[in-house]
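All remarks here apply to the structure that follows.
The values are calculated or read from the model by the stated rules, or taken from the named source; none is laboratory data. Remember, predicted model here, so these are calculated numbers, not experimental data. All Cβ positions, glycine included, derive from the backbone under ideal geometry; neighbour counts span all protein chains shown. When the accessible area is computed, the model is the full protein with side chains, heavy atoms only, and any ligands, DNA or RNA have been set aside. Shrake-Rupley method; radii C 1.70, N 1.55, O 1.52, S 1.80 Å.
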Amino acid sequence: MDDDGQPLFRWSWVESNWNSDSPNSIVNLLQAHVVMSLVPVLLGLLVAVPLGLACVRWRFLYQPTAGIMNVIYALPSLPLFMLLIPETGLTQLTVIIPLTFYALAVLVPAVVDGLGAVPDHVRQSAVAMGFTPLRRLVQVELPIAVPVVLAGLRVVTVSSISLVSVGALIGQGGLGNLFTDAFQRDFYTPAIAGIVLIVLLALVGDGIVLTAQRLLTPWVRARRAS
């Protein structure tokens, strides 16, 4: 109950706003949240793998790349939004671009660490068996690096789902818009609904990546079982 004796959460509000004609209906906000969370994760992964491979191949690239990524990761998202708005406007792209760089800051080190975890004798065995560099990478090195890369991907997925909410400050926060609605009206129900849905979305996203990790690394389960 709040200070006025009213319930903190009103299910009737959720029912009436779940799938209404309004662009701010919960379903529409949920869909926008998924898009703005998923796109940076996928873009980050697509860029991080070749960039990480380049950093492993040419080690002198890693330190400056990691330094740049760490600086970007340390920047608050709101100033980045302000810098992008003149170019991208008040659109989802203004949220997606910073989140993509945040994803890179985590995924590039994960790719480098994953490939660095491949034992030298495994590489040498692959070379002795006549594997070309590309075949060795695809069939030997990347599969061994998968657990480390996907561990980083789990972090990126959950953090991306959470950080999208900051976009509500420019009207592009997905479920985060429920927080501003609650604050402006001094009405707790939208905020509680937003928190619950974001947590559930994070759990689903983490579960999907974890399932992918188990499917892609069956030898890990076999080793644990033995």
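Among the conditions (1) without any contact (Cβ under 8 Å) to a residue 60 or more places away in the chain; (2) assigned to a helix (DSSP H, G or I), Phe131 misses just one, which is (2). Counted as qualifying within the range 1-74 are the helices (runs of 4 or more DSSP H) with 2 or more residues that are of a type in the set (A, V, I, L, M) and over 30 Å from Glu141 (Cβ atoms), namely 26-57. Checking every residue in the range 21-31 against the condition of being of a type in the set (A, V, I, L, M) and out of contact with any helix residue (DSSP H, G or I) (no Cβ under 7 Å at 6 or more places or on another chain) gives at least one match.
Answer yes if at least one residue in the range 192-205 is closer than 22 Å to Leu104 by Cβ, surrounded by fewer than 21 Cβ atoms within 10 Å (Cβ to Cβ) and either among the polar types (S, T, N, Q) or over 16 Å from the mean Cα position of the chain (by Cα) (or both), and no otherwise. No, the range 192-205 has no match at all. For Leu29, the requirement of being among the hydrophobic types (A, V, I, L, M, F, W, C) and touching a Gly at 6+ places or on another chain (Cβ under 8 Å) is met. Residues in the range 79-96 that are in a helix (DSSP H, G or I), of a type outside the set (A, V, I, L, M, F, W, C) and modelled with pLDDT of 85 or more: Pro86, Glu87, Thr88, Gln92, Thr94. The sole residue among Trp18, Trp13, Trp58 that is out of contact with any strand residue (DSSP E or B) (no Cβ under 8 Å at 6 or more places or on another chain) and over 16 Å from Leu175 (Cβ atoms) is Trp58. Restricting the search to the range 122-178, which residues are more than 24 Å from Leu46 (Cα to Cα), open to solvent by 60 Å² or more (accessible area, probe 1.4 Å) and touching a Leu at 6+ places or on another chain (Cβ under 7 Å)? Scanning the range 122-178 gives a single hit, Leu169.
Among all positions in the range 161-169, there is no residue which is out of contact with any Cys (no Cβ under 9 Å at 6 or more places or on another chain), part of a helix (DSSP H, G or I) and more than 24 Å from Ile97 (Cβ to Cβ).
Restricting attention to the range 182-191, the residues that are assigned to a helix (DSSP H, G or I) and either among the polar types (S, T, N, Q) or open to solvent by 40 Å² or more (accessible area, probe 1.4 Å) (or both) total 5. Checked against (1) of a type in the set (Gly, Ala, Ser); (2) farther than 25 Å from Asn19 by Cα; (3) out of contact with any Pro (no Cβ under 8 Å at 6 or more places or on another chain); (4) buried (at least 17 other Cβ atoms within 10 Å of the Cβ), Ala103 meets all criteria but (3).
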